[in-house]
Amino acid sequence: MAKRDDSPENKPGRVAQIRAAYSITKEVQPLIGLILLGIFLGVIVIFVAVGFVLDNPILWGVTGIPFGVLLTVIIFGRRVEKAAYSRLEGQLGAGANALSTLRRGWKVDPAIAVTRNQDVVHRVVGRPGIVLVGEGAPNRISNLLANEKRKHSRVAPDTPIYDVVVGDGEGQVPLRRLSGHVMKLPRNLRPAEVTEVLNRLKALSANRQQLPIPKGPLPKNAKLPPGASRPR
């Protein structure tokens, strides 16, 4: 059996990933470097101050270094996530990117319905049932969601169907909370029932024209191919 090569050259560059994440975050938060440095130094100062009280500032200062690194990494991770969502908000297909963070056990089908007005519906299937996620103008996306809900209820009549609209308005779910919102929905189906629902949906998917939707958000002025307008 061939031995897998786990040499550093064949692994994704961790440093390169951190640099890329930092660059993305800095575009949205220009002071991120100073913020992280301030957090790290602040932790060290607190530990040194405690050390002076206990008559051992050097030992406590050294002890504070790993805690400073840990807190800085945690804050950096949260800032990166926030910056990533900030860049995605308002772009067509952003919801699909947010849903891609769902864990194992979820089936995400991006852009199952798209209109020429750039309203889009994504589908998620999991233990709660079917979740239809809409992105677009509130006065239009509700009709598109209702149309998709009728189609899905005909194929899977006994399956709970939820509809979610991405946005910051009343009754909508912010992009940064989308995956968490979906994961908190009630568990209505057993794993075997989820598989059955997926099999039923194959017939519905087969009747749709496959749209060449690229990965990630689409440009706001992207032109959709002929036949992309739904609902009819």
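The values are calculated or read from the model by the stated rules, or taken from the named source; none is laboratory data. If you're wondering where the values come from, they're calculated on a predicted model, not measured in any experiment. So basically every Cβ, Gly included, is an ideal-geometry build from the backbone, and we count neighbours across all protein chains shown. Surface accessibility is based on the protein's heavy atoms, side chains included, excluding ligands, DNA and RNA. Shrake-Rupley method; radii C 1.70, N 1.55, O 1.52, S 1.80 Å.
List the number of the failed condition for Arg176; all other conditions in (1) buried (at least 18 other Cβ atoms within 10 Å of the Cβ); (2) within 27 Å of Ala83 (Cβ to Cβ); (3) of a type in the set (D, E, K, R) hold.
Single failed check for Arg176: (1).
Would you check if there is a residue in region 206-217 being modelled with pLDDT under 75 and assigned to a helix (DSSP H, G or I)? First the steps, then the outcome.
To start, the set of residues in region 206-217 that are modelled with pLDDT under 75 comprises 206-217.
After this cut, where a residue has to be assigned to a helix (DSSP H, G or I) as well, the list is 206.
Yes, some residue in region 206-217 is modelled with pLDDT under 75 and assigned to a helix (DSSP H, G or I).
Looking at (1) among the charged types (D, E, K, R); (2) modelled with pLDDT under 90; (3) open to solvent by 10 Å² or more (accessible area, probe 1.4 Å), find the lone condition where Asp119 falls short.
With (1) among the charged types (D, E, K, R); (2) modelled with pLDDT under 90; (3) open to solvent by 10 Å² or more (accessible area, probe 1.4 Å) applied to Asp119, the lone miss is (3).
Over 26 Å from Gln118 (Cβ atoms) and either surrounded by 14 or more Cβ atoms within 10 Å (Cβ to Cβ) or modelled with pLDDT under 85 (or both): does that describe Glu148? Working first, answer last.
Values: over 26 Å from Gln118 (Cβ atoms): no; either surrounded by 14 or more Cβ atoms within 10 Å (Cβ to Cβ) or modelled with pLDDT under 85 (or both): yes.
Considered against the rule, which asks whether it is over 26 Å from Gln118 (Cβ atoms) and either surrounded by 14 or more Cβ atoms within 10 Å (Cβ to Cβ) or modelled with pLDDT under 85 (or both), Glu148 comes out as no.
Regarding Val48, is this residue surrounded by 14 or more Cβ atoms within 10 Å (Cβ to Cβ), in contact (Cβ under 8 Å) with a residue 12 or more places away in the chain, over 22 Å from Ala98 (Cα atoms) and more than 36 Å from the chain's Cα centre (by Cα)?
Yes.
List, please: which pairs have Cβ atoms under 8 Å, are six or more places apart or on different chains, and start with a residue in region 55-82 that is touching a residue at least 24 places away in the same chain (Cβ under 8 Å) and end with one that is of a type in the set (A, V, I, L, M) and open to solvent by 80 Å² or more (accessible area, probe 1.4 Å)?
Correct list of pairs: Gly68/Leu41.
Can you tell me which residue within region 51-71, out of those that are closer than 30 Å to Gly180 by Cβ and of a type in the set (A, V, I, L, M), is most open to solvent (accessible area, probe 1.4 Å)?
Looking at residues that are closer than 30 Å to Gly180 by Cβ and of a type in the set (A, V, I, L, M), I get Leu70.
Pairs under 6 Å by beta carbon, first residue in contact (Cβ under 8 Å) with a residue 60 or more places away in the chain in region 13-24, partner in a helix (DSSP H, G or I) and open to solvent by less than 80 Å² (accessible area, probe 1.4 Å), six or more apart or different chains?
Ile24/Ala83
Based on this model, can you work out whether Ile74 counts as within 30 Å of Gln172 (Cβ to Cβ), loosely packed, with under 12 Cβ neighbours inside 10 Å and either modelled with pLDDT under 80 or of a type in the set (Val, Ile, Thr) (or both)? Can you show your working first?
Working: within 30 Å of Gln172 (Cβ to Cβ): yes; loosely packed, with under 12 Cβ neighbours inside 10 Å: yes; either modelled with pLDDT under 80 or of a type in the set (Val, Ile, Thr) (or both): yes.
Considered against the rule, which asks whether it is within 30 Å of Gln172 (Cβ to Cβ), loosely packed, with under 12 Cβ neighbours inside 10 Å and either modelled with pLDDT under 80 or of a type in the set (Val, Ile, Thr) (or both), Ile74 comes out as yes.
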